[in-house]
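Only the coordinates and a few stated rules stand behind these numbers; no lab work does. If you're wondering where the values come from, they're calculated on a predicted model, not measured in any experiment. Every residue, glycine as well, gets a Cβ built from its backbone with ideal geometry; the counts of neighbours run over all protein chains shown.
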Amino acid sequence: MIKYSNPEDQSCSRFFYGYAIVFAAFCLQILGLGMFNSFGVFIKPLVSEFNWSRASLTGAISFVYVIAALASIVLGRLNDRFGPRLIMTICGVVLGTGYLLMSRVSSIWSFYIFCCLFIGIGISGVDVVLLSTIARWFITKRGLLTGIVKVGTGAGMFIMPLIINILINNHGWRSTLITLGIVVLILFLIVSQVLVRDPFIKGLAPDGVRDIKERVKSYIEKGISFKRAIRTRQFYIIAIVYTLFYTCSNTMMIHIVPHGIDLGLKTGDAVKVLSTLGAFSIAGRLLMGAAGDRVGNIKAMFVCFLFLFTGLMWLQFSHNMWMLIVFAVIHGFAHGGVFAIISPILAELFGTISHGLIFGITAFISSIGGFIGPVMAGYLFDRNGSYSVAFLVLAVMSLAGLLTTLTLKPVKMNIESDVT
């Protein structure tokens, strides 16, 4: 069980340990989601070697997110009670092992087992556990610092496709996976040791408040229980909105590189489209995370969906490199913005007492769309020889998410300590 320090036992050092948590979470986002979200670069080499259909291959990649979301429910609850250090250490071991095992695949069933089970469990804590931890360490700057942490994913999506493409071209996809596995094993084990569940364990208070009275006042965590949260209309609205977003986002992450190649782009140029998407997701994470602190996370979510819909409509008419780059800029901003906002919006609506569990359940619900979307796109491509119908479906879904966001209102209840 977690042991808490007395606030009066701690000296008021100038450095707030919460920023060390932010840096550690940023690094783990690169190694976890930033790296795996670049997996679309492996699709062409795997299809070429094994002649697997895109639907079957992307089905495995999509199912990773379902496994990750299912595991995150358990990990979110464990993080609420015990904290992130041991959880993320175990996730790193499983994730690194998964990449090593995937380098040895020779059949579609072995790919499904190693990819879905090991990678899914490995990345399951990267969002729910880490972002719930950030939500406990910060209140007034929660959106901004969540956005900074999520920049790690964007940075990984910007850097890793380029690195992975170079490694595959020079050493093959199997050696590349071995390299990724070793890097993940080593760095996850080191960085995870920095993590601490909340500031009270170290005798601190959220945001680095040093005044003793204010620290004691904020010592009790506030919020409502999961049982009360699921009785609210807002819980189901945010679950629907996040599911619609995740369907669109996950589909584009997996299929944009193959789509670019199908349009006649060189592999390197198609990878640059994905890299651009990752780069501009950084801007979305920072700007929309900060915007959530200033104008509210609900308004910020609406803006993100407006960008998402605009980008997917633009994609319907994009047939060359510069048009795909424009799409990547618009879509990347929306992609990064929503991922930066989702944790703060849950904390804003329901508090932090059960934040990990609420976030985990929300992520699991959205993962159903994250699984169906890429498989649907792969199936429609195998059937029609193009992504045109699939991308039109995504545009309609993004419009539905935009309209649904308009119905999201603050929870009409007093958020007090609720441990029942």
Calculated from backbone phi, Karplus (6.51, -1.76, 1.60) coupling profile of segment 156-172 in Hz, x at Gly/Pro: x, 5, 7, 8, 5, x, 5, 5, 4, 4, 5, 4, 5, 5, 8, 10, x
In order through segment 34-49: 3J(HN,Hα) via Karplus (6.51 cos²θ - 1.76 cosθ + 1.60), integer Hz, x for Gly, Pro: x, 6, 6, 5, 9, 5, x, 5, 7, 4, 4, x, 5, 5, 5, 7
- line: To the nearest 10 degrees, the tilt of helix 321-350 (Cα long axis) against the first principal axis of the alpha carbons of the chain is 30 degrees
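What does the extension gain come out to for residue 81 and residue 399, with contour length at 0.36 nm per residue minus their alpha carbon separation?
Extra length available between residue 81 and residue 399 comes to 110.7 nm.
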Packing-based ranking, highest mean first, of 232-244, 310-322 given that Cβ atoms within 10 Å are counted: 232-244, 310-322
- line: Toy charge model, Lys and Arg Cβ at +1, Asp and Glu Cβ at -1: segment 16-405 dipole around Cα centroid in debye, rounded to 20, equals 860 debye
Peptides 181-188, 150-157, 65-72 ordered by average Cβ neighbours within 10 Å, highest first: 150-157, 65-72, 181-188
- prompt: Relative to the present Cα-Cα distance, how much length would full extension add between residue 23 and residue 326 at 0.36 nm per residue of separation?
  reply: 106.0 nm
task: Go through 391-400, 295-304 and give me the packing order, highest mean Cβ count within 10 Å leading.
output: 295-304, 391-400
- request: With P(r) over Cα pairs in 20 Å bins from 0, in percent in mind, check (i) 23, 51, 24, 2; (ii) 27, 55, 17, 1; (iii) 29, 58, 13, 0 and report the label derived from this structure.
  value: (iii)
task: Report, to the nearest 10°, how far helix 355-384 tilts away from the longest principal axis of the Cα atoms in the chain, using its own Cα long axis and a range of 0 to 90°.
output: 10 degrees
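At R0 = 51 Å, how high is the FRET efficiency between residue 266 and residue 202 if r is their beta carbon distance? Nearest 0.05 is fine.
Computed FRET efficiency for residue 266 and residue 202: 0.50.
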task: Would you count, across the chain, every pair of lysines whose alpha carbons are under 22 angstrom apart, provided the pair is eight or more residues apart or spans two chains?
output: 25
- prompt: In degrees from 0 to 90, rounded to the nearest 10, what is the angle of the helix 233-262 Cα long axis to the longest principal axis of the chain?
  reply: 30 degrees
task: With a point put 7 Å past each Cα toward its Cβ, work out how far residue 227 is from residue 113 in nm, to one decimal.
output: 4.1 nm
query: With a sphere of radius 14 Å drawn around the Cβ of residue 32, what net charge do the other residues whose Cβ falls strictly inside it have (Lys, Arg +1; Asp, Glu -1)?
result: 0
